[in-house]
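Chemist: A single structure is presented below for examination.
Please treat every number below as a calculation from the coordinates, not as lab data. Small disclaimer: the values here were computed from a predicted structure and weren't measured. Cβ coordinates were reconstructed from backbone atoms using ideal geometry, including for glycine residues, and neighbour counts include every protein chain displayed.
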Amino acid sequence: MSVEILDGATIVNFLEDEEAFNAQICDRFAHLDSDHDGRLSYGEMLKELQCLRLLETHFGVDVETDPDDLALVYDGPGRRQFPEEGCGVGIC
């Protein structure tokens with residue numbers, strides 16, 4: 001496993017490189033848009049959120065998380081603020 005450390009200057013340079021930034025965003029969007037309809041549904045975003053495992057790990061170590069707590073996070077406020085299914089957000 002490799003570890004990369006990004007300093008502020010590296011991040012700023014990436015953000016200011018409009019071509020590289022836009023290419024990265026469009027590639028990531030295409031990856032998330034599993035049905036290739038040009039829009040991200042909540043279900044497509046949910047898969048990515050769950051992959052991050054923000055609640056299921058503590059500094060990289062797996063921890064047992066109450067399924068009800070996970071449901072509150074993954075099907076809670078974000079779901080209510082996201083457009084109805086079929087009305088997702090398209091950017092690329």
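Chemist: Limited to the range 32-46, what total is found for residues that are within 30 Å of ASP68 (Cβ to Cβ) and surrounded by fewer than 12 Cβ atoms within 10 Å (Cβ to Cβ)?
Modeler: 1
Chemist: Cβ-Cβ distance below 8 Å, separation of 6 or more or different chains: which pairs start in the range 7-28 with a residue that is loosely packed, with under 12 Cβ neighbours inside 10 Å and end on one that is assigned to a helix (DSSP H, G or I) and of a type outside the set (Ser, Thr, Tyr)?
Modeler: Listed by first residue and then by second, the contacts come to LEU15/PHE21.
Chemist: Return the residues of the range 29-55 that are without any contact (Cβ under 8 Å) to a residue 12 or more places away in the chain and part of a helix (DSSP H, G or I); say none if nothing qualifies.
Modeler: Across the range 29-55, the qualifying residues are HIS31, CYS51, LEU52.
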